[in-house]
Structures are given as C-alpha cells and as structure tokens.
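Working notes, structure below.
The values are calculated or read from the model by the stated rules, or taken from the named source; none is laboratory data. It should be emphasised that the depicted structure is a prediction, and the values quoted were computed from it without experimental measurement. So basically every Cβ, Gly included, is an ideal-geometry build from the backbone, and we count neighbours across all protein chains shown. To get the accessible areas, we keep the full protein, side chains included, count just its heavy atoms, and leave off ligands, DNA and RNA. Shrake-Rupley method; radii C 1.70, N 1.55, O 1.52, S 1.80 Å.
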Amino acid sequence: MTESDTRTIPGYTLSRTLGRGNTSLVRLAVDREGEQVALKIPHEETLGNQEAAERFGNEVRLTLQFRHPHVVRGYAGTAFGPGAFLAIRYYPDGALNEQLARIPGRTLPIKGGLRILADLASALAYLHHLGAVHQDLKTHNVYVDGQGRAALGDLGNTYFVAQGGQVSGSPYYMAPEIYHGESSSAASDVYSLGILMYELLSGDRPYQGNSYEELMVSHMTRFPAPLTHLNPAVSRPLSRLAEQALAKRPGERPRADAIRRALLTDLGETPHDEVYEDSRVSQATQDKETGRTTTALMGRHGPSQPRSAPAEAKPEAQPEAQRGAGWNPFKRRK
Ligand SMILES: Nc1ncnc2c1ncn2[C@@H]1O[C@H](COP(=O)(O)OP(=O)(O)OP(=O)(O)O)[C@@H](O)[C@H]1O
C-alpha cells in the first residue's frame, strides 16, 4: 500500500483500484453528481520527481483542454502539488491491450478493428490540426466503450510542436527517425498508427525483436507484407495506406486524416470533413453531452520550455536498452 492508495480527493468517493501505471494509481470513484469516473492519482515518486510531475501536470492540463469525441474526456483535475489528480471518463473494459488479451488470438472482428482505427485516426487528425503530437499511441493508451468506439488517452507526453517538447515513444511503435534521435512529429504519430493498423487488422505487430537494438534494426530496415495478404478482408487501398504509414521517411507518410477517410470507406461510409470545436480551455465549462461542469484547477504550470528534443531518445541515452533484462518494448522511452 502506497501513499497514492490512501489519498482522498475532495468531492469524490473512491472505490476499487482500476489499475496502476508508472505514473499514477487509477481508482474508480463517484463524483458529486453521482457519476462514475476514473481518478488518476500520481504516485508519491511521480510528485517527487520534477520531470515526472511535469508530465503528470501536462496530462492534466491537456486532457482538460482538448475536446474531441475520440480523446479521453477529462472532467476535473489539479495539475501540481500534493493534491494533484485527474478525473476522466471511466471505461469499464479497461485499456485496449487488456481487452485484446481477453480475446482468443487477440484478433478483433474486422469492422470492430476498422472502427477503432478510424476513431484513433480522427483523434490524431484533431491533435495534429491543433499543432500537437501525441507521441505514445499504443493499445495501452486506447480506451474502447461498450459501443466499440475508441478514445485516445495518456496525454502526458503530448506537446505542441511550436512550443517544443521532449521526444519519447514506446519501442514497438516508435518511428525510425525517433530511433535516430530526431524530433517527433505528426508523421511519427502516423507511423505508430500504421503499427496499430497491422496489430488490429492482422493480429500481429509488424516489427519484432528481443532487444531494443533488434527492434530498432527491424523498424529501420524491414518491410512488412501487405496487410491485404495477411487479412484479405482489408481492401487494397487501405493496405497500401498502412504500408505508406510505415514509410521509413516521415515525409512519405500520409496524414492521419487520409487514413481516417480510407478506414471509413472500408466501413462502407462516406467520409466527411471534420469540424473542430475551439479547444482552448475555459476554467469552468459545461459539458454539452453530460451537462457536467468541467473545472480546470491548474497549479503552477504553463507550456513546457522548448528543449533540444532528440537527445533523450537516442539509443545510447537509454540505459535500459543495454541492460536487456529490464527490456520492455511497451515502456515509454523518455
Ligand atoms: N479511464 C479509465 N477507465 C478504466 N480504467 C482505466 C482508465 N484509465 C486507466 N485505467 C486503468 O489503469 C491502468 C493504468 O493507467 P495508465 O496506464 O494511464 O497509468 P499511468 O501511470 O498514467 O500511465 P504510464 O504507465 O504510461 O505512466 C490502465 O492500464 C487501466 O487498466
């Protein structure tokens, strides 16, 4: 039992633990309106480490700021200090990796997979439209509701390109240029989406490796079989787009919105242009769908300082990469 297990958050009745990540403990809770929410409570070590605390503060700030049906909805939060927390929409089935682990063969019905991917492409197109990059698209950060609609969560590493940010990513999903130590971009998010397309539509991630170095070589030098060969239910145009999303050069990758359109076409729908609400945060706004008041209680935080991004993503700057034993291809490199 840690300090985050015993903390109380004013205004919420806490119940069972939903999960425990590297940054926070996630508890099911009921708010003042009697609605269930997931409460993210940072670990003591997170609050005690400036970089981790800033990442949590960033997640609170951006989750409350962004407004999109396929970005996990934030209801309230405190970004910094001993009372830091984030209240978000509760997903009873947990994260997508946990859902997949319960499905034999880890393979979703084709329409379910296409729908999740279309929702995620829509979320990325929205972030990219705002000039932001997510940097950590993976099944662990995707939440799917009872209707099979997906939302992208975990915005701790998201940053606005114009303001600069620290490069990060998870080895299974990381674009070649990030392995090279270059900056992340909308195109590196699209690469991660390409990996997810293979994962959800073929049942396997396209690049494998038993160490950081093996996985890096795989991302940099190999080319996966066309998706349509692995799953004939995938149309040729979509298969081609998935291959392009995995282009080694960022400039050759399609935009997230083009992938959204192709996915909707495969679902038999006519893709329309998406119109975005103004996402600038107001301190207290009414949520249109739920009527719930969203309150952003923000402590000392602001846009992160521009940093020289690439250095920390370089393999040589990753001690875990050399250790081998602690190797976890899902773990965010930061
Ligand atoms: N909105 C939610 N609804 C239901 N369960 C959730 C929700 N958010 C998180 N969880 C559960 O809590 C676990 C930990 O959450 P998460 O991975 O976001 O933690 P974190 O510490 O913020 O992330 P990281 O480990 O990437 O730093 C998830 O794997 C999931 O099981």
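In table form, for the structure just shown:
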| read-out | value |
| --- | --- |
| Peptide ranges 192-200, 24-32 listed from the most packed, as the mean C-beta count within 10 angstrom indicates | 192-200, 24-32 |
| Cα pair distances of region 1-85 binned at 10 Å [whole percent] | 18, 52, 29, 2 |
| Linear extension gain, Asp93 paired with Asn328, 0.36 nm per residue minus alpha-carbon span | 82.2 nm |
| Rounded, prolate or oblate (a/c below 1.5 giving rounded, otherwise prolate when a/b exceeds b/c) for region 96-267 by Cα gyration tensor | rounded |
| In sequence order, calculated HN-Hα J values of region 221-235 (Karplus, 6.51, -1.76, 1.60; Hz; x Gly/Pro) | 10, 9, 10, x, 5, x, 4, 5, 6, 7, 9, x, 6, 7, 5 |
| Solvent exposure of region 13-89 as accessible area per residue, Å², 1.4 Å probe | 40 Å² |
| Solvent-accessible area per residue, Å², over region 96-267 with all protein chains present [probe radius 1.4 Å] | 36 Å² |
| Residue-wise HN-Hα coupling along region 39-53, computed from phi with Karplus coefficients 6.51, -1.76, 1.60 (Hz; x: Gly, Pro) | 9, 9, 10, x, 5, 4, 5, 5, 5, x, 10, 4, 5, 5, 5 |
| Difference of contour (0.36 nm per residue) and Cα-Cα distance, Val275 to Gln163 | 37.9 nm |
| Amide H contacts under 5 Å for Val71, placed H, 5+ residues apart | Leu152 |
